[in-house]
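Inspection log for the structure reproduced underneath, given as structure tokens.
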Amino acid sequence: MSEAERSGLVLAFDTATEVLAIGLGECRAAANQAGRRSPGSRSPGSDQRILRSLCVEAPRRANAELLPRIAMLLAELGFEPAHISEVAVGLGPGSFTGVRIGVAAAKGLAQGLGVPLYGVGTLDAVALRVWAAAATAPASASAPAVAATAAAVAAVPATAMPAATLPPLASGSVIGVLGDAMRHEVYPALFRVAEDGRSLTRITGYRVADPLAVAREWAVLGEPILAAGNGLAKYAQEFAESLGGLLTIAPHELWAPDGAALLAAFEDARADGTAGLGDPALVLPVYTRLSDAEEAEVARAGAPPDAPTAVPLPAATAAPTAATPPPAAASPPPAMPSPPAAASPSQVGYRPMTPDDIEAVLAIEQAAFSDPWTASMFIDELTAPVRSWLVAVDGSGVIGYAGVAAMPDEAHVMSLAVRADRRGEGIGRALLARLRTEAARLGAKSLTLEVREGNAAAIALYEAEGLSAVGMRKGYYADNGEDAVIMRGPVGHAEHTGHFEHTGYTKHVKDAEHPARTAHVERPAHATGLILAIESSCDETAAAVMRDGRELLSNVIASQVDSHSRFGGVVPEIASRKHTEAIVGVIQEAMYEAGALPFSALDAIAVTQKPGLIGALVVGLSYAKGLSLATGLPLVGINHLEGHIFANVLADPRVTPPLVALVVSGGHTSLVHMPEWGIYKTLGETLDDAAGEAFDKVAKVLGLGYPGGPVLSRLAATGDPTAIDFPRAMLKSGDYAFSLSGLKTAVINHIRHAHASGAEINLPDLAASFQAAVIDVQVAKAARAVEETGAATFCLAGGVAANPELRKALRAAIEPLGVHVSVPPFELCTDNAVMIAAAAHYRYQRGEVLDLSAEASANGSLDTAR
Amino acid sequence: MSACAHAVSHSFASTSADETRALARSLAPLLIADDVVLLAGDLGAGKTQFVKGLAEGLGVTAPVTSPTFNILLTYEGGRLPLFHFDLYRLESPDELIDIDYFGTLESGGASVVEWGDRFAEAVLPDEDRPDEIAPASRNPFAKAAPSGGILVEMGITGDHQRSINVFSIGSRGEALASNWARAWERVASGSDAKTPGGCDCPSAARIDAQ
């Protein structure tokens, strides 16, 4: 097979149901353009050749099976990942964890390959699969269509109807798909075969609904419905009772998408422009519900809560057309609401400008400047040499842009504008920073620009960014004769080991000349020592690039505070889905800050695999596995506790094995022995509550709020630690285990007794006595561990390592033993990816890498992290 | 969806953490896939102790620790997978969706949920509307146990004494609660060391799913 033929390889997959579907197809883009069809529809004659279509049961195994199976399919066909030119992923609605795994893996793959990523609706793919099966059923299928009476349904799904008995679907026929939304709800969608019999159109939006209500709606339609979807496993009976002879249930094997149906759904979505922009950062799962906080945000923004927004949803609002009349009015009239499309606070992404952006750019240009450029001026710029134009995008499209032209030594900013409603968020600053790096890449030594003398805001921004006024151009602006201030400043950092990863227009031009695109995944001839680390075990998405485990090149934390603050203070404690929204931008930023590195400059990718919040961990791990497959880079799995220990290694060069570490945080209390780099033995851990958790919960009991651990510690500083003799649990147990729940109960009993006897509680004394009881046990066990193991170094690690009394007590007990005591700097006590990168260096040196079937784990001790 | 109308909830009294664990151990053999046990009670009431007993009874050998920080810890290796949730850190029921709570409940294991009353809706008469009788058909625990189950409410009555009230939610909850009461009677009568604090007379509280 020639390279030219291979260049149109399309990969599509879906993990929204208990079935894993993967399709590999060959796309003929030119034919696609010519055969453009009506929105939301599909003609049966396909423009693509299906190379492989897979559909396997994999309940709760999506993370383990998805990427190994993709790798296997590619290998069977003789392809490399680099041959993939487009990726499409099922966005649901469906299983939340399933969709999250698929979308994160797709983002890693697409970003690693530098190819576009698109989203397709899972229910759309199911409908297309059913339709294709009906269309291809042999003529003998005029055998009795099996109407699903209540009695017949009783046998479903145990005895699935063979596909050959599917009734042929005439023009105007209706297909109903019912996804299981759990907790007695379903995701319903209806589709209609067009009058000409050549296309299928979704006539309802995506939503979540009560199955009985949906059954009534479908009955009121008064038309035969061919139904599929995993919701039927639970509600077939109800639908059969409601619809009677109008309902036919498709064979069980057609209830989930397969690879061919996904490819077909993608072809449709692309043809009608609902597949999205192709930017991996902007592909998000279908959310059929808005959270309360988002409802409030939408209400504040003035949009009705149920109005579809610009968030790209797959063919979400294919409006009923003349060929698809709305259901006849009946009593009661069926409600077919449009979907409450989620107004997600999208991540801002940055990419090169393409000709497709010009319309949106002009809208901003015309609002921002009194002498706006025209479309042809932008087109000239995009095709001119030594130029670089970038756009800032979010879910609503282009929100800002900027361009630079490089003269031999000096680069000149051609334009920079941010949409009026998005100013003041740092987007202009970010665009300028990128222009400066682009200027450096283009060989310029300095950067200049002109700005209207009266534009104080812009001048202040440029001054804050290190540019200064160097002259004036009198009467420079033609519209009002205003003077221009000329400003000059340095270009970006010159360390550019690679070129800027263009994912837009210029890239496509390049691809036409070099369709194989292998340059992006070529391993360097020699090791660079560079590792990209990804951390998503709790509330923060973070990434860092580090050389040789010591030299930090970039450190990015997507502070979720940014998006939360937009919700007027309603800050959800848990926000796994934010990771899905943030991860592409965070990795992009980390690679960019590290010197606009291409992935090929890396030695390996590292990711936190355990322990943590499972819904958050799977995003980082699935993404990292996708990136690993795309780039061919080895993947290193890190235990979060190991990361905390390496925060000490980073900060203190004297920290070397053999060492003992006490890892204390909100989720952990562990004594770990590290006899040599990368070898861990957990000596003991908590049998119940973690230390940080005990502090937080006792603080709560004392009325100090939650999480109030740090407040409790401050209060303790003014109290008498010997005032109350709380139990020192496990102090004499002879092992290294901790138990804090008994102490918690003792504090609660103390308060109860005080209340009963009317005694006053001295809060500082109580706090100090509690803290002393925790610290006494930890210090005693830590000191004994140091003595028994003969460790030369002791490390205190984790979030509770910031507790000043604990630091002091450990030093006092262990330093006299002639052992070096290391405590981490406060900024490294919290979660970050820097410590993951440092830990990964040693694991990678030891050749410990993950394969593509690796799974995330909420639990997991350090010893077993391999 | 059950129309059964008689009360089947039970009260136990525990005099030690060991007894609380034994009580939970006796529930374990009765659990089937997708069962939900909600736990309610103040800090220190013994919720994690209860889960330790449940895990022992299922044959889980791994140590059970508090899931407050990670929200969900999963224990495989027993007769059924045990999903150990803690809703303490959640602030809104929306977050149940975000952590794929409902998908996990229906994925073939038994779920035990600390702070399972966190998103209970005020169905029973409350202070603001004392005269209003709640419709019996509503499930105040629909958020945390949409398909029914049992609610185990633990109260601190002394330094080591705990009151344990069991409410059934839906028809599956009724069966589970009454089987558990019988199982505990058998355990208690067969052992002098572990005398139950007395099976108090059934109080009148039963909540229908849906």
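Nothing in this text is a laboratory measurement; each read-out follows from the coordinates by a stated rule. Note that the coordinates shown come from a computational prediction; the quantities given were computed from them, not determined experimentally. Quick reminder, even Gly has a Cβ in these numbers, built from the backbone with ideal geometry, and neighbours come from all protein chains shown.
Observations
- Computed E for B:Leu30/B:Glu91 - FRET, C-beta separation, R0 30 angstrom, nearest 0.05: 0.35
- Once the Cα-Cα distance is subtracted from the 0.36 nm per residue extended length, the A:Asp380 to A:Ala717 segment shows a gain of 114.5 nm.
- The stretch A:720-866, dipole about Cα centre (Lys/Arg Cβ +1, Asp/Glu Cβ -1), debye to the nearest 20: 140
- Loop-resident sites, the stretch A:746-814, for GluC sites (Glu not before Pro), counting at most 12 other Cβ within 10 Å (DSSP): A:Glu760
- The GluC sites (Glu not before Pro) of the stretch A:664-751 that DSSP puts in a loop, and whose beta carbon has at most 15 other beta carbons within 10 Å, are A:Glu676.
- Per-residue mean of foreign Cβ neighbours for B:68-80 is 5 (Cβ atoms of other chains, 10 Å radius).
- The trypsin sites (Lys or Arg not before Pro) found in the stretch A:575-655 that occupy coil by DSSP, while having at most 16 further C-beta atoms within 10 Å, are A:Arg654.
- Exercise: per-residue mean of other protein chain Cβ atoms within 10 Å, A:202-212: 0
- Of the peptides B:168-181, B:142-155, the order by per-residue mean of other Cβ atoms within 10 Å, starting with the highest, comes out as B:142-155, B:168-181.
- Local electrostatic count, A:Val177, Cβ distance below 10 Å [Lys/Arg +1, Asp/Glu -1]: +1
- Estimated D of the stretch A:349-445 in µm² per second, where Rh is the Kirkwood radius over Cα pairs and Stokes-Einstein applies at 25 °C, 0.890 mPa s: 183
- Computed over the stretch A:178-282, the percent of Cα pairs more than 16 Å apart is 64.
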